[in-house]
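What follows is a set of notes on a single structure, which appears directly below.
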2 protein chains.
Amino acid sequence: MITKQNTLKIVPLGGLGEVGRNMTCLETQGKILIIDMGFRMPEEDMPGVDFIIPNIAYLKGKEKSIVGAVFTHGHYDHIGAIPYLIDKLGVRLPFFAGGLTKAIIMKRQDDFPHLPKLNITQVNDGDIVKLDPFTVEFFRQNHNISDSLGLFISTPVGNLIHTSDFKFDETPIFDLPTNFKKLEALGKRGVLLLMSDSTGAEEQSHSLSEKIIMENLEEIFKISKGRIIAATFGSLINRIQQLVALSEKYGRKVAVDGYSMKTNVEICKKLGYIKSEKGTLITVDKIQDYPDSKVTLICTGAQGEGQAVLMRIANREHRFVRLKKDDTVIFSSSVVPGNERTVQFLKDQLYRNGVKVFHYKMMDIHAGGHAQRQELRSLMEMLKPKFFLPIHGQYSMLVNHAELAIEAGIPEKNIVVAENGQIVHLSEDKISMDKKMIESNYVMVDGLGVGDVGEVVLRDRQTLSKDGMFVIIAVIDRQTGKVKGSPDIISRGFVYLRESRELLRDTRRKVIDIVEKSTGVGGAVNWVYVKDEIRNKVGDFLYARTERRPMILPVVIEV
Amino acid sequence: MITKQNTLKIVPLGGLGEVGRNMTCLETQGKILIIDMGFRMPEEDMPGVDFIIPNIAYLKGKEKSIVGAVFTHGHYDHIGAIPYLIDKLGVRLPFFAGGLTKAIIMKRQDDFPHLPKLNITQVNDGDIVKLDPFTVEFFRQNHNISDSLGLFISTPVGNLIHTSDFKFDETPIFDLPTNFKKLEALGKRGVLLLMSDSTGAEEQSHSLSEKIIMENLEEIFKISKGRIIAATFGSLINRIQQLVALSEKYGRKVAVDGYSMKTNVEICKKLGYIKSEKGTLITVDKIQDYPDSKVTLICTGAQGEGQAVLMRIANREHRFVRLKKDDTVIFSSSVVPGNERTVQFLKDQLYRNGVKVFHYKMMDIHAGGHAQRQELRSLMEMLKPKFFLPIHGQYSMLVNHAELAIEAGIPEKNIVVAENGQIVHLSEDKISMDKKMIESNYVMVDGLGVGDVGEVVLRDRQTLSKDGMFVIIAVIDRQTGKVKGSPDIISRGFVYLRESRELLRDTRRKVIDIVEKSTGVGGAVNWVYVKDEIRNKVGDFLYARTERRPMILPVVIEV
């Protein structure tokens, strides 16, 4: 007798085939569990876009089937889309998150006062939450933010492990070392499917321990005579704690500057995730009151962001900080791909101020938060999953992670490399993937608009940015068919108009010719045709003269 | 008795404080020698700009004093600005360049048929050219293009060495090994000033020898069953030669694709810089005629450029090449800073085609062309210069190179870190630098325009790219002061208009209000004021509704 087998769908809405915007749904027996709701930063060809959130079209009409959402940690690529999605999913949806994660989510909601209060339950290492038919057991992971949690999920099909972002660290600072015994114990309970972080799957070795970072940072503290200005990610709580502790050891006060960092430090101080002695923390306007050798400034802007603190300091635009020869600037961060040039510009500006600069290429003063190949492989060996689905990462990382799984002994047929929108089907003895993709394209947030910037708007922005625009306004006398006066031209981003009078004069003449050729024949005038003629002929004319193709917008007004 | 001492000015017009756009002038006794005339690629915030050339305002009025121009090698960051500068400097100016450099310069001039023929003399290793008061002795350097030459320049002040781009390679492929004896001999003749390539001054060790690259490439040839598709820089002649030689060894035909690469290969074949057996080279439309295991395609596009060959292949848009599972793609190139994301996109697309991908992070299959710290230091030790001026590189690289010189024993006061536009003064016993800078800002080339894209045009392009534009056209009845009909609105890149009818309707109403409030009071209407009002009030209104700031362009037409 054959009984209908249990199956489970894994629906990746973000984070598979890209870095960031993590969101995955598990679906079985008509019930859905959401894991994370993150955003990602726009790409370079998306000017004006603030960020990109997951497309939740798949969940439309299924809102009532969602049993809850679990959040693995407090980075925005895992929680940042909440304010944009929650009103579509149902605001009373039960959320589960670690202590710091919960605090960061709550704090962020303050920026969205129109949204109702969230329903978040705090969970800790070892907690078990039943969200029928799923049972989620949270286990501590090492990453570069406190309260990072992995998920051991029992389902009717079998046990799944979702690692979220993680690395192994046997000697972390201000955090517990990786609990390998726990991981082995989870493995012994039988893991049907492992979903594991691929971000580091193209890095050959092992992530650095925070102990090494701490030691190297201390070397810099030992030799620095002036102020220490340390820039890092605003969300890198552990690194901030390290810098606070070192400052205390070397008798330095600490100021924190940068909106996101100040907010995070405030939350973390309150909840005890950052510990400091009384009097260590000062405000940035007070750093002048202390000798240079007694001050550390921890700030944002290590990616060379135009308006962030470090760039303002480098450009001598900061209200309270002017660099001096003895100052030391530490970049305790990696360079996010795409930011290489702005970071170089920032470094140059700092050197122009004559300060000492330390960055991660010169010395190990930053460790990433993601397991590399050695760690990834050893996790697979501990958990011994039957099936494997690489998650979190560019497509190339997913492929390389899958190849690592084959090396580690998982049969190729038990591995699936899926992308956003490709539903994965899992049963006790099979994993497969739909060829057809569900809707999972980018939803762009620009200002108050969510999803209203689409391909057309973006393409126009790109065109406008390349050669600018050229508006031609011709007022036409209905009686005579003649152009009244001279056509108006408004152009921006094309050529410097004051130096192009001749070009403009010739263009006006051309416009008059085109119009009067059409109106001069008598009968009804086809204005659509006239406008097309202006667009094409003026376009060709301008290209011949300049080899540029501004966007041409003809306006014809009959009076 | 004190005699007036000889002095020499070094005038950096490009390449100091940036990578690319190399051009330096030496000036003494009223005579000027030019070294290189390169361009550089635009930065990310310069949409539409093709490239950036040196600003030669300093040379205006001094054209007759220029005794000649010497070119160190054939890369565009050393020769690319010639067509844009030569008519300003005097077309009969004597040029001196190595054989391949000369050929590439000549070939490029074909694209500029309006320019007269250049006056180029070919020089070789050991050649001496007298350009009074300068005597230039050319010596062979290893770089990643053939016929790279360093300059030993005798001047009334003393001997200068200009390394240009270089690295040490004791086991190059298809090139002679670095001639250390020659370098030592030059050092023994007394070097007053060393001007040395700083591009690799932040890299800790020694550049890789081409021998290693060749061996690793051969490993890939050994195991590849399908076609080999190798992407590299179009100017990397030696690498192309390596790939041709390996293909012959493994019985593969070679097709070359990509405009710049085909042009270069053509020149190099003719002049003997690339050698191949008869029948090895085939055209790309013929690769289907051979078994996959017998074909290599060498192509451009390793930087992920949108329209280059490799991207077209990855996107299945190439006329003759469709990827197959057994194909191997080799990135034999580094990633130029700023291109990380496009290269990642390209890699992902290739993986989606199921092919094998090799890139320089996985295996040493690319070597840069620039000496790293060990080599830079050993050069200083061989040449024993009295003074030191780091050239070619971002400001941070120049500073780090200067620090290396101090480590190598050159006194700090004998070292100058200058940037473009900062004139350096050299005499037998002193080096110094002007605080005041001469004009040396970017000259941008966009289409046919040279220098006509300035800050205003660029700023407009940036604004347009972020939130688009919004043109409002109001036709006003002169008699009544009323707006005739409804104001026209043309908007691009702002919101998707079809979905924003309400917003447009409200905006039109607002415009009518603003206009009629001004015209309703009687008397002469201040149209400038009305336009400003429209710009500001509609701007604020749109921001309140969308949190976007499109460029607003009001047009008021009285009839």
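The values are calculated or read from the model by the stated rules, or taken from the named source; none is laboratory data. Everything quoted here is computed from the prediction, not taken from an experiment. Neighbour counts are summed over all protein chains in view; Cβ atoms, including those assigned to glycine, are modelled from backbone coordinates with ideal geometry. Calculation scope for accessible area: heavy atoms of the full protein, side chains included, ligands and nucleic acids excluded. Shrake-Rupley method; radii C 1.70, N 1.55, O 1.52, S 1.80 Å.
Tabulated data
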{"read-out": "Chain-alone versus full-assembly comparison, region B:436-456, residues with accessible loss of at least 50 Å² (1.4 Å probe)", "value": "B:L448, B:D452"}
{"read-out": "Residue-by-residue Karplus 3J(HN,Hα) for region A:151-160, coefficients 6.51, -1.76, 1.60, Hz, glycine and proline x", "value": "10, 10, 10, 8, 9, x, 8, x, 8, 10"}
{"read-out": "Dipole of region A:428-559, positive direction: furthest Cα of A:V457, A:G481, A:I552, with charges on the beta-carbon", "value": "A:G481"}
{"read-out": "Projected label distance in nm at A:I128 and B:R501, using a 7 Å step from Cα toward the beta-carbon", "value": "5.7 nm"}
{"read-out": "Delta accessible area of at least 40 Å² on complex formation, residues of region A:519-558, 1.4 Å probe, chain isolated as reference", "value": "A:E547, A:R548, A:L553, A:V555, A:I557"}
{"read-out": "Interface residues in region B:478-509 - accessible area drops by 30 Å² or more relative to the isolated chain, probe 1.4 Å", "value": "B:I490, B:R492, B:G493, B:Y496"}
{"read-out": "Average accessible area per residue (Å²) across region B:210-358 - probe 1.4 Å, nucleic acids and ligands excluded", "value": "42 Å²"}
{"read-out": "Entries in A:K64/A:K436; A:K466/B:K466; A:K31/A:K60 that, when Cα-Cα distance is taken, lie over 22 Å", "value": "A:K64/A:K436"}
{"read-out": "Angle between chain B longest axis and helix B:210-223 axis [Cα atoms, degrees, rounded to 10]", "value": "70 degrees"}
{"read-out": "Between B and A, accessible area buried - total, square angstrom, nearest 100, 1.4 angstrom probe", "value": "5300 Å²"}
{"read-out": "Long-range tail of P(r) for region A:434-548 (Cα pairs > 26 Å, %)", "value": "40 percent"}
{"read-out": "Copies compared at A:F180 - label distances in nm, ascending, label defined 7 Å from Cα in the Cβ direction", "value": "4.5"}
{"read-out": "Around A:E170: net Lys/Arg minus Asp/Glu count, Cβ-Cβ under 13 Å", "value": "-1"}
{"read-out": "29 Å Cα-Cα threshold exceeded, pairs from B:K211/B:K262; A:K253/A:K361; A:K88/A:K269; A:K181/A:K222; A:K286/A:K356", "value": "A:K88/A:K269; A:K181/A:K222"}
{"read-out": "Fraction of antiparallel bridges per DSSP, region B:468-558 only, in percent to nearest 5", "value": "45 percent"}
{"read-out": "Cleavage-rule hits, GluC sites (Glu not before Pro), region B:418-508, DSSP coil, Cβ neighbours within 10 Å at most 14", "value": "B:E428, B:E439"}
{"read-out": "Debye intensity ratio in log₁₀ form over the Cα atoms of region A:186-324, taken at each q of 0.09, 0.13, 0.19, 0.21 Å⁻¹", "value": "-0.34, -0.63, -1.15, -1.34"}
{"read-out": "Straight-distance crosslink candidates among lysines, where the alpha carbon sits under 22 Å from A:K484 and sequence neighbours closer than 8 are dropped", "value": "A:K510, A:K517, A:K531, A:K537, B:K482, B:K484, B:K531"}
{"read-out": "DSSP bridge orientation in chain B - percent antiparallel, rounded to nearest 5", "value": "50 percent"}
{"read-out": "Where labels lie 7 Å past Cα in the beta-carbon direction, separation of A:D429 and B:Y259 in nm", "value": "5.9 nm"}
{"read-out": "Whether region A:11-68 is rounded, prolate or oblate, judged on the alpha carbon gyration tensor where a/c under 1.5 counts as rounded", "value": "prolate"}
{"read-out": "Given charges at beta-carbon only (K, R positive; D, E negative), |dipole| of region A:353-479 in Debye", "value": "260 debye"}
{"read-out": "Sulfur and carbon atoms: percent of accessible area, the protein assembly as shown [1.4 Å]", "value": "50 percent"}
{"read-out": "Whole-number Å³ per residue for the convex hull built on Cα positions in region A:1-154", "value": "139 Å³"}
{"read-out": "Sparse-neighbour loop sites [trypsin sites (Lys or Arg not before Pro); region A:66-153; at most 12 other C-beta within 10 Å; DSSP]", "value": "A:R92, A:K117"}
{"read-out": "Neighbour-limited loop hits for trypsin sites (Lys or Arg not before Pro), region A:203-303 (at most 10 other Cβ within 10 Å; DSSP other than H, G, I, E, B)", "value": "A:K278"}
{"read-out": "Cα coordinate range in chain B, projected on the principal axes (Å, largest first)", "value": "90, 81, 46"}
{"read-out": "Cα pair distances in region B:69-130, grouped into 5 Å bins until the bin that holds the longest one, percent each", "value": "4, 18, 33, 27, 14, 4, 1"}
{"read-out": "Helix-only CD estimate at 222 nm, as mean residue ellipticity for chain A, using -39500 (n - 2.57) per DSSP H run (n ≥ 4)", "value": "-9500 deg cm²/dmol"}
{"read-out": "On Cα atoms only, tilt of B:259-271 relative to the major axis of chain B in degrees", "value": "20 degrees"}
{"read-out": "Alpha carbon convex hull of the protein assembly as shown, projected area averaged over orientations, nm²", "value": "53.5 nm²"}
